[in-house]
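Enquirer: Please see the structure below; I have some questions.
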Amino acid sequence: TMLFSPDRSAALAGRALHAYLDLVRRTTRFKPVIPGARPWERNREPFIALTWHGQQMLSLAALEGASRVAVLTSLHFDGAVVTSVVERAGYRSIRGSGTQSPAKILTKRSVPAFFEMRDALRQGTSLVLTADVPKASRIAGKGAVQLARVTGRPIYLFAAVTSARVDLDNWDHAS
């Protein structure tokens, strides 16, 4: 067996990233630009929160006070790392990804993930999704709108930013 399998590597990276995000959460006072803008403070009904890929990690740090949240994570290695972070933070992970290509629907687990998200909303769990389609930064896909139509749940735009951050030079410009 390999000393560092992909699963072990993802878990280790997730543990380190969670520790860092926990430090950010404990040392940063996230303040909404608009008072009462946090979706979970508006009412106790489940919602769909959309953020950009590049804001997803900081958004997780800013979710303090939110309960019963699930996060859609991809099936790739980076999705396994994010899943580890999400679960360590006490949230649920739903594995799958949207796609613009009908040929990739099966490999991305798009349909089962959609039904799992629909059921989560119906059972009172809110969702945090990235709006942009993979490898097309800041171009929103249609999945969240379809999910809102099916469930009647509102969509809120949600992002967390801080002046003390590192912006990566990758496709989604992650902070």
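The values are calculated or read from the model by the stated rules, or taken from the named source; none is laboratory data. Since we're looking at a predicted model, the values are computed, not measured. For neighbour counting, all protein chains shown are included, and Cβ atoms are generated from backbone atoms with ideal geometry for every residue, glycine included. In case anyone asks, the SASA skips ligands and DNA or RNA and just uses the protein heavy atoms, side chains included. Shrake-Rupley method; radii C 1.70, N 1.55, O 1.52, S 1.80 Å.
Enquirer: Give the number of residues within region 82-119 that are among the β-branched types (Val, Ile, Thr), under 12 Å from VAL71 (Cβ atoms) and in a helix (DSSP H, G or I).
Expert: So in region 82-119, the residues among the β-branched types (Val, Ile, Thr) come out as 82-83, 85-86, 94, 99, 105, 107, 111.
Filter once more, keeping what is under 12 Å from VAL71 (Cβ atoms): 82-83, 85-86, 94.
Next cut, in a helix (DSSP H, G or I) only: 82-83, 85-86.
Adding up the residues that qualify gives 4.
Enquirer: A follow-up question, please. Regarding region 156-168, can at least one residue be identified that is modelled with pLDDT of 90 or more and either in contact with a strand residue (DSSP E or B) (Cβ under 8 Å, 6 or more places away or on another chain) or surrounded by 20 or more Cβ atoms within 10 Å (Cβ to Cβ) (or both)?
Expert: Start the filter on region 156-168 by keeping residues that are modelled with pLDDT of 90 or more, which leaves none.
No, that holds for no residue.
Enquirer: Output the residue which, of all residues in region 1-21 that are within 19 Å of the chain's Cα centre (by Cα) and touching a residue at least 60 places away in the same chain (Cβ under 8 Å), is most open to solvent (accessible area, probe 1.4 Å).
Expert: Checking each candidate, the answer is ARG15.
Enquirer: Continuing with this model, one more query. Residues that are open to solvent by less than 30 Å² (accessible area, probe 1.4 Å), assigned to a helix (DSSP H, G or I), closer than 17 Å to THR125 by Cα and modelled with pLDDT under 85: does region 60-80 have at least one?
Expert: Yes, the conditions are met somewhere in region 60-80.
Enquirer: Going by the conditions given, is LEU50 closer than 17 Å to SER67 by Cα and outside any loop (DSSP other than H, G, I, E, B)?
Expert: Spelling it out, LEU50 is indeed closer than 17 Å to SER67 by Cα and outside any loop (DSSP other than H, G, I, E, B).
Enquirer: Here is a list of conditions, (1) open to solvent by less than 100 Å² (accessible area, probe 1.4 Å); (2) modelled with pLDDT under 85; (3) in a loop (DSSP other than H, G, I, E, B), and ARG25 meets all of them except one; can you say which number that is?
Expert: The failed condition is (3).
Enquirer: Exactly one condition in (1) more than 12 Å from the chain's Cα centre (by Cα); (2) assigned to a loop (DSSP other than H, G, I, E, B); (3) modelled with pLDDT of 75 or more is false for PRO35; which is it?
Expert: (3) is the only condition that PRO35 fails.
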